[in-house]
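Chemist: Below you'll find the structure I mean.
The values are calculated or read from the model by the stated rules, or taken from the named source; none is laboratory data. Keep in mind that this is a model prediction, so the values were computed, not measured. Here the Cβ positions follow ideal geometry from the backbone for every residue, glycine too, while neighbour counts run over all protein chains shown. For the accessible areas, the whole protein counts, side chains as well, though only heavy atoms, and no ligand, DNA or RNA atoms are used. Shrake-Rupley method; radii C 1.70, N 1.55, O 1.52, S 1.80 Å.
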Amino acid sequence: MIVMLRALMLATLVIVIPRAVAGQTVSVLHIKVALIDAEGKAIPVPRHPLLVSENPASAAPRLIITGLDGTADVKLRPGNYTVESDKPVVLNGKAYSWTQMVDVPAGRDAVLELTAVNAEVGPLGSATTTSGAPLEADPAFLLSKWQDSVVALWTPTTRASGFIIDARGLIATNQRGVGTATATEVQLSPTVKVTANVLASDRARDVAILWIDPNAITSLKPVPLGCAQAEKPPVANGQEIFTIGSPLSQQKSMTSGTASRVELHSMKSDFILARGSAGGPVFTADGAVVGITSIQDETDASRIGESWVVRTVDACDVVAAAEKKMKDAAPPSGSHLPMEPERPFPVDALKDAAQHRAGSLSPYQISSSTFDVAFITPVLTYGARYQEEQIRGRERGRGTRPAEPEPALVRPLMDFSNWSEYVDEFPPVLLVRVTPKQVEGFWTTVARGAARTQGVSLPPIKHFTPGFSSLRAFCGADEVTPIHPFKLELRVSESDAIYEGLYVFDPDALGPQCGTVKLVLYSEKEPEKGDTRVVDPNVVQQIWQDFAPYRSSKR
């Protein structure tokens, strides 16, 4: 009866924030909820619903929910309060709930820690929800338990997620996330990135297994695929499943969905995956690993809630193939790779710099016989966006159709193809864009000249020079390792594409301190023959000046 009355009260609950009486200061109650896992490690209890009631009761209880870090802050007027769990939380087969009284003093904050010590603990089978249904394992713990084991993967053309599956340094992901690459960059944390070798890549199964230096993951826990288990965890149509991914330019997150079209080797789900999340592990609510998220459609249909899950049975087959190759393969290097600066470029500084550069937002350029090279700073990309917004705003104010920006400005500064989302965040890095030139063949030129003698004027018929292969940069005599060696896919027809380079460098890597800045450019036609170009010192100085506001903000 008490449970029914409580459920009825919550169903009609209107969250009421108690008003402080005249002259009375509102204080903050800091609540922290944490438990100890099976390995003795303290873990936060995320998304745990708590009811906060004033004693004696003057209003309906306030419902608050802890964040991903297991904490919640609630503003209260001074007094005595009861904080209790709206429903138990399940961990390691036990159900935990709390009912605690706390005094909130006037003029200062109060702290309430809810742990296993002050919890009411009972067996899982006896616990129920407010509706009377049996309480199931809480999937909220999945993120805190496994997020460090999920990693970000970078190739020149793609961004994906993966997860550590073995203490020997093995990482699982979907094959489409790495494509034809034989090596990838693996970002283990905001400050650590290492190289991985692709040991096995099976397109039919859509699984790839990577290998990194095992010394880089000694503090991380592998996600168990359960390959040695004879029976795999069952999944039913309509069952709720969960995945953890490492999205591009976002924090790691957990997404829930519903399984459908469940088959032995795959299943469909309605996961809505952010860019870069595909390749993460898929769990049931009780923590069993049942697959890997995949994007079947290269146009990224998963964003609209259509994604696929590769079952672990297929992943285990590819793991076995990878383990055989490990025996004869050299271990990967564990050297840390360059990373983007952690601190963003202040937006106010970008805006101020862009406004002072009105009318001169073209990239800094040099050329070779085969390529055009553009040096692009955040000031230029931000300025192009700002200028476009100003033009469109003025046109809308006049009630006329917004004018399209000049193509010469749009393409090098605003259209970054498959890496547009990366550049959209205005990372504090130097971008070096290498674009194949468009040229007209000798005989085409002759033919147009002959036509002109007959009174027929034809426009130039140009084609691209060989596509971009790679780039090497030198600061004086020292080679500079890029943060990312990206490639941009440039469609020249429905069936054909050519690649541009988009290399990402630290803002301090190529500057006046180098004495000489040199680039060596390689084409797909002659990947072993480099074309060396020395960058004009004036260009180097202009790039350096664009990052001056960023360097000043670090002080």
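Chemist: Non-local amide H neighbours of Phe371 (under 5 Å, H modeled in plane, Pro and chain starts lacking H): which ones?
Modeler: Lys437
Chemist: How far, in nm, would the chain grow between Lys94 and Thr191 when pulled straight, counting 0.36 nm per residue and subtracting the alpha carbon separation?
Modeler: That works out to 31.3 nm of additional length.
Chemist: Now for a separate question. Search the structure for amide H atoms under 5 Å from the amide H of Phe283, placed 1.01 Å from N in the peptide plane, and list their residues when 5 or more places away or on another chain.
Modeler: Phe242, Thr243, Val290
Chemist: Just to be sure I understand the model, the point goes 7 Å from the Cα along the line to the Cβ. What's the resulting Gln513 to Lys437 distance in nm?
Modeler: It works out to 3.5 nm between the two label points.
Chemist: Short version: ³J(HN,Hα) in whole Hz for each residue of segment 422-435, in order, from phi by Karplus 6.51 cos²θ - 1.76 cosθ + 1.60 (θ = phi - 60°), x for Gly and Pro, what are they?
Modeler: 5, 6, 4, 7, 6, x, x, 9, 9, 9, 10, 9, 10, 10
Chemist: Glu479 versus Glu528, label points 7 Å from Cα toward the beta carbon: distance in nm?
Modeler: With each label point 7 Å from Cα toward Cβ, the separation is 1.6 nm.
Chemist: Residues with beta-carbon under 12 Å from that of Thr25, excluding Thr25: net charge, scoring Lys, Arg +1 and Asp, Glu -1?
Modeler: Net charge around Thr25: +2.
Chemist: Tell me which residues come under 5 Å, amide H to amide H, from Val480 once H is placed; ignore anything under 5 positions away on its chain.
Modeler: Under 5 Å from the amide H of Val480 lie the amide H atoms of Ala473, Phe474, Cys475, each far enough along the sequence or on another chain.
Chemist: Can you give the FRET efficiency for Ser260 and Val121, using 1/(1 + (r/R0)^6), R0 = 51 Å, r = Cβ-Cβ distance, to the nearest 0.05?
Modeler: Rounded to the nearest 0.05, the efficiency is 0.85.
Chemist: If I stretch the segment between Arg47 and Asp317 completely, what's the gain in nm (0.36 nm per residue apart, minus their alpha carbon distance), one decimal?
Modeler: Once the chain is fully extended between Arg47 and Asp317, it gains 93.6 nm.
Chemist: Within 12 Å, Cβ to Cβ, of Ile241, how many net charges do the neighbouring residues add up to if Lys/Arg are +1 and Asp/Glu are -1?
Modeler: With Lys, Arg at +1 and Asp, Glu at -1, the neighbours total -1.
Chemist: Please give the per residue accessible area of segment 45-201, computed with a probe of 1.4 Å over protein heavy atoms only, in Å².
Modeler: Averaged over the residues of segment 45-201, the accessible area is 41 Å².
Chemist: Oh, and also: Provide the per-residue ³J(HN,Hα) series for segment 271-286, in order, calculated from phi with Karplus coefficients 6.51, -1.76, 1.60 and θ = phi - 60°, each as a whole number of Hz, with x at glycine and proline positions.
Modeler: Running phi through 6.51 cos²θ - 1.76 cosθ + 1.60 with θ = phi - 60° gives 4, 9, 9, 6, 4, x, 8, 4, x, x, x, 10, 10, 8, 4, 8 Hz.
Chemist: Using a 1.4 Å probe over the heavy atoms of the protein chains, calculate the carbon and sulfur portion of the accessible area of segment 146-278 as a whole percent.
Modeler: 50 percent
Chemist: Straight-line reach from Lys487: which lysines have a Cα under 21 Å away, not including same-chain ones fewer than 8 places off?
Modeler: Leaving aside lysines fewer than 8 places away in the same chain, those within reach of Lys487 are Lys193, Lys437, Lys518, Lys525, Lys529.
Chemist: Could you check how much of the accessible area of segment 42-98 is carbon and sulfur, as a whole percent, using a 1.4 Å probe?
Modeler: Of all accessible area on segment 42-98, carbon and sulfur atoms account for 52 percent.
Chemist: With θ taken as phi - 60° and the coefficients 6.51, -1.76 and 1.60, list the Karplus ³J(HN,Hα) couplings across segment 315-327 in order, rounded to whole Hz; mark glycine and proline as x.
Modeler: Once θ is set to phi - 60°, the couplings for segment 315-327 become 4, 5, 4, 6, 4, 4, 5, 5, 5, 5, 6, 4, 5 Hz.
Chemist: If you roll a 1.4 Å probe over the heavy atoms of the protein chains, what accessible area per residue do you get for segment 468-552, in Å²?
Modeler: I get 48 Å² per residue for segment 468-552.
Chemist: If the chain between Ala204 and Asp148 were fully stretched, how many nm would it gain, using 0.36 nm times the residue separation less the Cα-Cα distance?
Modeler: Using 0.36 nm per residue and subtracting the Cα-Cα distance, I get 17.3 nm.
Chemist: Taking the Cα-to-Cβ direction at Ala330 and at Glu342 and moving 7 Å from each Cα, how far apart do the two end points lie in nm?
Modeler: With each label placed 7 Å out from Cα toward Cβ, I get 3.3 nm.
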